[in-house]
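Data first, discussion second: the structure below is written as structure tokens.
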Amino acid sequence: MSTTTELANTSANNTGGSLKTAAGEYLTFVLGSEQYGIEILKVQEIRGYDAVTQIANLPSFIKGVINLRGKIVPIVDLRIKFNLGKVEYDEFTVVIILNLNGRIVGIVVDGVSDVRELRDEHLREVPTLVTRIDTKYIVGLATIEQEMLILVDIEKLMTSDEMQLMDAAVN
């Protein structure tokens, strides 16, 4: 095996395989001044932000619940979860309803941009100091033309320990 091949194999092993499998279609959205992307297959629908029913003793990033056609859906504000500063609700604020293996959850974002198809050549590793949010929920970065997207592992984020509080409150 040549040195070049060994380096390439080592680099591929460092990705844990997650970046390579991150290619696909992503819904892009805005949080603060940055663009993020989540797998489009996880998105059920997009709604305008409306009042939620608050539930006592939940973390501030769990806004409450909504009744979505008879189903109680917890709503998480990712801007608060990621500590992105001032949170305002305006006409551009939307809720992305996700279907995570049958578990329905809504996330509040500043706005939805587009659906982008990402190929392997668009994907990059996450530098350790590049983002203000916890990198364990980041699959990678994508660069398309002059834009940079932060790709969020939304399923990992929504199944984290602190999100289990949300399930306990709803059920």
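The values are calculated or read from the model by the stated rules, or taken from the named source; none is laboratory data. As the structure is a prediction and not an experimental result, all values here were calculated from the model. No Cβ is skipped: glycine too gets one built from the backbone with ideal geometry, and neighbour counts run over all protein chains shown. These accessible areas exclude ligands, DNA and RNA; they are computed on the full protein's heavy atoms, side chains included. Shrake-Rupley method; radii C 1.70, N 1.55, O 1.52, S 1.80 Å.
Measuring from label point to label point, each 7 Å out along Cα→Cβ, what is the LYS136 to ASP120 span in nm?
The answer from the label model is 2.9 nm.
Between the DSSP loop rule and a limit of at most 13 other Cβ atoms within 10 Å, which trypsin sites (Lys or Arg not before Pro) in region 22-85 are left?
Answer in residue order: ARG69.
State the extension gain, in nm to one decimal, for the chain segment bounded by ILE40 and ILE80, taking 0.36 nm per residue of separation less the distance between their alpha-carbons.
Working it through step by step, the gained length comes to 12.1 nm.
Are there chymotrypsin sites (Phe, Trp or Tyr not before Pro) in region 51-101 that DSSP puts in a loop and that have at most 14 other Cβ atoms within 10 Å, and which ones?
Those that pass, being in a loop and sparsely packed, are TYR89, PHE92.
Please calculate the 1.4 Å probe accessible area of LEU151, with all protein chains present, and give it to the nearest 10 Å².
Spelled out: LEU151, probe radius 1.4 Å, area about 0 Å².
Sorted by accessible area with a 1.4 angstrom probe, largest first, how do ILE46, ILE150, ILE55 fall?
Sorted by accessible area, descending: ILE46, ILE55, ILE150.
May I ask you to list the lysines whose Cα is less than 27 Å away from that of LYS136, ignoring any residue fewer than eight positions away on the same chain?
By straight Cα distance, LYS136 reaches LYS20, LYS42, LYS63, LYS81, LYS86, LYS156.
Which loop-located GluC sites (Glu not before Pro) does region 49-117 contain, where loop means any DSSP state but H, G, I, E or B and the Cβ has at most 13 other Cβ atoms within 10 Å?
Taking region 49-117 and a limit of 13 other Cβ atoms within 10 Å, the loop GluC sites (Glu not before Pro) found are GLU88, GLU91.
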